[in-house]
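Report on the following structure.
The values are calculated or read from the model by the stated rules, or taken from the named source; none is laboratory data. For clarity, every value in this text was computed on a predicted model and none was experimentally measured. Because the Cβ atoms are built from the backbone with ideal geometry, glycine has one as well, and the counts that use them run over all protein chains shown. Remember, those area values only see protein heavy atoms, side chains included, never the ligands or the DNA or RNA. Shrake-Rupley method; radii C 1.70, N 1.55, O 1.52, S 1.80 Å.
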Amino acid sequence: MSVLDKVLSLRPGNTVARVGPGSRVPLLNPRELLRALERTPAALPCLPVQARGALPGLLRAARSEDAVLGLACAHPTADRGAAERFVAAVHEAAVEAEHARPVFLQAGPVRVAKADEASLGALREGLYRMVDAGFALVSLDLSRLDSYAAVEALQALAGPVTERELSLEVSAPAPSQGGLLDAYRTLLEGLSQWKVPVCFVRVSEQDLGGAEPDVGTLRSLVDLARDYGAAVSVGDVREGFPRMLPTYVAAGARKVDCVGPFERLALGAWSPDIRAGVEEKAAAAGMPAGELVSVLEDSLPPLAPGARERLEALSFAEATEVFAALGAGGTGHAAMRFLAENRGE
């Protein structure tokens, strides 16, 4: 049995059900990649897919640098078919490219705005759709809740993810008077008592101080998360891109979500008149225009061939820079070999 065949046997069942048992694309649970790269001074790169035309460039960069790759669908609940279309597009692009390096798919972060039963029930239904679509990592944004409400919400929401042994990521509840670390400590202690397993705790670049992050706080959070069997991911990296990426790795972050220029590239792929319309809608919705592209793409005119080629090329260049800054170069084959040799552990 080849290394690839052995690694394919580790794919989550929900992913296999979505792409089919005959697929040769190693779409994995990021928990497996953390295990494989435990002693490697690198962080898992996770890149947003704001426009599907960027996918060939992102995958080509991962092959060029022999890097593991995470791809994030920022709005998996935009409509009932959003999650399925995202996974299908990634798989189609990977099959066409004969991509044989580890990839993980992230849904979200999905905002949990309220902790009442009606809101949680609707969101739980959405989480089941994400899992059925094939995502191995679900990220939940708890920033609008306090720590106690966040624990209650996760107790109600975790089932679709944990019952299939997939990975769960949670971001900061609203800090109490004790600050960010106390908020995470309360959250992790509560989840531990309710036996809700968390793979990543996510802290945003802004929560760490923006372009000049508080590295001491990040290191303290890494130590805290480790006590509860979790790793730390740094999310929404924009201002510090790419200068601060090595600092996050050195401080112990195991995954970094690099928004950086990718939203701008996605928005810039369309003509000025279409961009203006998207920017107007984004301003009304209070969200970045580049991020809104991922929600509206299916209703926008198809990209012209030249624009698609440019988006692919620029995405390749930026992704290559991400892999270098996070130490991810060479992690693809290293992870494959480790997982093939340690499947049963």
With N residues in the range 232-345, Rg(alpha-carbon) / (2.2 N^0.38 Å) equals 1.32
Cut-off 17 Å (backbone N to label point 7 Å along Cα→Cβ of Gln155), residues of the range 188-203:
188-198
With +1 on each Lys and Arg Cβ and -1 on each Asp and Glu Cβ, how big is the dipole of the chain about its Cα centre, in debye rounded to the nearest 20?
720
Indicate, rounded to the nearest 5 percent, the antiparallel portion of the DSSP beta bridges found entirely in the range 3-342.
5
May I ask you to list the residues of the range 154-170 whose amide nitrogen lies under 17 Å from a point 7 Å from Cα along the Cα→beta-carbon direction of Lys195?
155-166
Quick calc of log₁₀ I(q)/I(0), the range 267-325, Debye, one scatterer on every Cα, no solvent, q values 0.13, 0.19, 0.28 1/Å, result -0.39, -0.75, -1.11
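Relative contact order of the range 198-237, please, whole-number percent, based on alpha carbon pairs below 8 angstrom and at least 6 residues apart.
Rounded, it is 62 percent for the range 198-237.
Compute the Cα gyration tensor for the range 47-129, then decide on rounded, prolate or oblate, letting a ≥ b ≥ c be the square roots of its eigenvalues: rounded whenever a/c is under 1.5, prolate when a/b is larger than b/c in the other cases, and oblate in all that remain. Before the final figure, lay out the partial values.
Details: a/c = 3.01, a/b = 2.45, b/c = 1.23.
In terms of gyration-tensor shape, prolate.
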Work out, step by step, the length gained on full extension between Leu10 and Val95: first 0.36 nm times the residue separation, then minus their alpha carbon distance; give nm to one decimal.
28.8 nm
Percentage relative contact order, the chain, counting C-alpha pairs under 8 Å, at least six apart
25
Antiparallel %, DSSP beta bridges [both residues in the range 73-192], to 5:
10
Relative to the compact-globule estimate 2.2 N^0.38 Å (N residues), the Cα gyration radius of the range 1-84 stands at a ratio of 1.19
Ordering 83-92, 68-77 by per-residue average of other C-beta atoms within 10 angstrom, highest first, gives 68-77, 83-92
So, over other residues within a Cβ distance under 14 Å of Val215, counting Lys, Arg +1 and Asp, Glu -1, the net charge is -3
Please sort by residue number the chymotrypsin sites (Phe, Trp or Tyr not before Pro) in the range 191-273 whose DSSP state is loop and whose Cβ has at most 12 other Cβ atoms within 10 Å.
Trp194
Measuring from label point to label point, each 7 Å out along Cα→Cβ, what is the Tyr148 to Ala118 span in nm?
2.4
When the expected Rg is taken as 2.2 N^0.38 Å, what fraction or multiple of it is the alpha-carbon Rg of the chain?
0.93
Report the relative contact order of the range 166-252, percent, no decimals, based on alpha-carbon pairs under 8 angstrom and at least 6 residues apart.
30
Probe 1.4 Å, accessible area per residue of the range 3-342, Å²
40
What do you get for Rg/Rh over the range 80-123 if you use C-alpha atoms and the Kirkwood form of Rh?
1.18
